[in-house]
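The values are calculated or read from the model by the stated rules, or taken from the named source; none is laboratory data. Nothing here was measured: the structure is a model prediction, and the numbers come from that model. In this analysis, Cβ positions are derived from the backbone assuming ideal geometry, glycine residues included, and neighbour counts consider all displayed protein chains.
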Amino acid sequence: MAACAPRQRTDVVVALLLVVGGVCALSSLAGCRSGRPSADQPALAVSVSTLVDAYADDVAQANATYGDKWLRVSGFAQGTGPWAFDLGLYLLLAGAPTARGRVQCRFRKADRERLSELNSGGPVTVVGKCKGLSLGKVILDRCDIVRP
């Protein structure tokens with residue numbers, strides 16, 4: 001019977017980890033708009049150019065500065081479209097109407113109408129959570145358009 005004790009403990013630990021992981025995953029999906037910036041903890045204001053340049057210069061340092069933080073990013077709308085597996089929509093932001101560096105801002109499908117109201121090349125400010133660099137673009141997740 002004593003030989004089974006370590007195995008049983010391992011099974012219990014694995015089960016607890018799975019339960020905790022599942023609860024965390026479900027809570028992040030259910031409350032995808034929770035944990036937003038507030039007056040006490042406002043989003044860090046940064047331009048598209050500054051953000052793109054930071055990731056171009058040093059990804060590790062940029063992740064330390066901006067990664068997993070709420071950012072308020074101002075730039076110019078460069079187009080929209082569906083993102084991976086039709087999970088939502090994205091808006092590309094550029095630092096200037098003809099700039100090359102881009103920030104991909106991810107939105108919920110429910111934001112389709114608000115995104116369609118944007119003028120291509122027009123100024124826009126977005127608040128979102130920085131998820132780092134992917135395929136040459138800085139990614140902001142859980143985004144909202146803010147009015148100046």
Every listed condition ((1) at pLDDT 90 or above; (2) within 12 Å of residue 145 (Cβ to Cβ)) holds for residue 65 save (2)
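Taking the conditions exactly as written (within 18 Å of residue 50 (Cα to Cα), in contact (Cβ under 8 Å) with a residue 40 or more places away in the chain and not hydrophobic (A, V, I, L, M, F, W, C)), does residue 78 satisfy them or not?
When the stated conditions are applied, residue 78 passes them.
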Practice item. Assess whether residue 122 counts as being of a type outside the set (D, E, K, R) and over 15 Å from the mean Cα position of the chain (by Cα). Key: yes
Can you say whether residue 40 is acidic (Asp, Glu), assigned to a loop (DSSP other than H, G, I, E, B) and either buried (at least 19 other Cβ atoms within 10 Å of the Cβ) or on the phi > 0 side of the Ramachandran plot (or both), as far as the supplied structure shows?
no
If I filter region 19-32 for residues that are within 20 Å of residue 146 (Cβ to Cβ), at pLDDT 85 or above and either under 17 Å from the mean Cα position of the chain (by Cα) or not assigned by TED's automatic domain parsing to the domain that holds residue 133 (or both), do I get at least one hit? no
